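Working notes, beginning with the structure itself.
The values are calculated or read from the model by the stated rules, or taken from the named source; none is laboratory data. Note that the coordinates shown come from a computational prediction; the quantities given were computed from them, not determined experimentally. Cβ coordinates were reconstructed from backbone atoms using ideal geometry, including for glycine residues, and neighbour counts include every protein chain displayed.
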Amino acid sequence: MSDFSDPVIISCSISGAIANRDQCPAIPYTPEEYAAEARRAVDEGASQIHIHARTSEGVPSYEIEDFRAITRA
């Protein structure tokens, strides 16, 4: 049995690779939206954030600059 003294890692995946706003209106698309959602998750105890980058139109992206923009935000 664990108690509150046991360490825990909470990972939050704030966007899916395929899901879109038609399925979930809260999915972030822009770097600023990613940053806001990441801040909310960290404020609630998440210790790491998992992302799938997107363009500002919501299209999945594998471009390093899209990941960098999210990281900077």
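The table that follows gives values for the structure above.
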| read-out | value |
| --- | --- |
| Test result for ILE27, modelled with pLDDT under 95, out of contact with any strand residue (DSSP E or B) (no Cβ under 6 Å at 6 or more places or on another chain) and surrounded by 13 or more Cβ atoms within 10 Å (Cβ to Cβ) | yes |
| Options GLU57, GLU37, GLU44, GLU63; residue that is in contact with a Pro (Cβ under 9 Å, 6 or more places away or on another chain) and not polar (S, T, N, Q) | GLU37 |
| Residue count, the stretch 31-73 (criterion: in contact (Cβ under 8 Å) with a residue 12 or more places away in the chain, exposed (fewer than 14 other Cβ atoms within 10 Å of the Cβ) and not in a helix (DSSP H, G or I)) | 7 |
| Selected residue (criterion: farthest from ARG39 (Cα to Cα)) from residues of the stretch 5-21 that are under 10 Å from the mean Cα position of the chain (by Cα) and surrounded by 11 or more Cβ atoms within 10 Å (Cβ to Cβ) | GLY16 |
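Here is a yes/no grid of residues against (1) within 29 Å of PRO7 (Cβ to Cβ); (2) charged (D, E, K, R):
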position	(1), (2)
GLN23	no, no
GLU32	no, yes
ARG40	yes, yes
ASP43	yes, yes
ALA46	yes, no
HIS50	yes, no
GLU63	no, yes
